[in-house]
Amino acid sequence: MGHRVVDVEQIEPAGPGGAVRFVRRELGTRAFGINQFVLEPGFAGPEHDEETTRQEEVYIVIGGGGTMRVDDASVALQVGRFVHVDPGTTRQVTAGPEGLVYITVGAPAEKPYEPRGPF
């Protein structure tokens, strides 16, 4: 099959409090992981890093707002913001008073993307 389509509402909520939608599993992607998170107001996700998986991640905020602690820095999360985090860097996401919706995209950092064309 040359393509797949999935609507986020079709993906069963999983993880703590049903906050995660495992998009990669539904689409069957193999080159990168992609998930959607919907956090209730004030919810703090687990502090973690990706040292074991060696994945770098990009967080893309699509709704609400909050903060991300990245090592010792605090990054404001707002709609339209992209945040890149290296594998060994500790991170923790906390939803603001309006809640937070974001997407993560991750892939192993050791096999970098090879740009092609003008993009």
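Just so it is clear, none of the values below were taken in a lab; they were calculated from the coordinates. Fair warning: this is a prediction, and the values are worked out from it, not measured in the lab. Cβ placement follows ideal geometry from the backbone for every residue including glycine, while neighbour counts extend to all protein chains displayed.
What's the total number of residues in region 65-85 that are within 23 Å of THR52 (Cβ to Cβ), under 13 Å from the mean Cα position of the chain (by Cα) and buried (at least 16 other Cβ atoms within 10 Å of the Cβ)?
3
Give the residue that is farthest from VAL79 (Cα to Cα), with candidates limited to residues of region 1-14 that are assigned to a loop (DSSP other than H, G, I, E, B) and not β-branched (Val, Ile, Thr).
From region 1-14, those assigned to a loop (DSSP other than H, G, I, E, B) are 1-7, 11-13; that's our starting set.
Subset that is not β-branched (Val, Ile, Thr): 1-4, 7, 12-13.
Values: MET1: 33, GLY2: 31, HIS3: 28, ARG4: 26, ASP7: 20, GLU12: 24, PRO13: 22 Å.
The selected residue is MET1.
Can you give me the ranges of the strands (runs of 3 or more DSSP E) entirely in region 15-119 with at least 3 residues that are without any contact (Cβ under 8 Å) to a residue 12 or more places away in the chain and in contact with a Ser or Thr (Cβ under 7 Å, 6 or more places away or on another chain)?
Working: elements: 33-39, 55-70, 73-78, 82-85, 91-108.
Once the strands (runs of 3 or more DSSP E) in region 15-119 are filtered for at least 3 residues that are without any contact (Cβ under 8 Å) to a residue 12 or more places away in the chain and in contact with a Ser or Thr (Cβ under 7 Å, 6 or more places away or on another chain), what remains is 73-78.
Looking only at residues that are farther than 26 Å from ILE62 by Cα and not acidic (Asp, Glu) in region 96-117, which one is surrounded by the fewest Cβ atoms within 10 Å (Cβ to Cβ)? Reasoning before the result, please.
Applying the first criterion (farther than 26 Å from ILE62 by Cα) to region 96-117 yields 110-111, 114, 116-117.
Next, only the ones that are not acidic (Asp, Glu) stay: 111, 116-117.
On the way: LYS111: 9, ARG116: 6, GLY117: 4.
Here the answer is GLY117.
Among what's in region 1-58 and is surrounded by 15 or more Cβ atoms within 10 Å (Cβ to Cβ) and aliphatic (A, V, I, L, M), pick the residue that is farthest from the chain's Cα centre (by Cα).
ILE11
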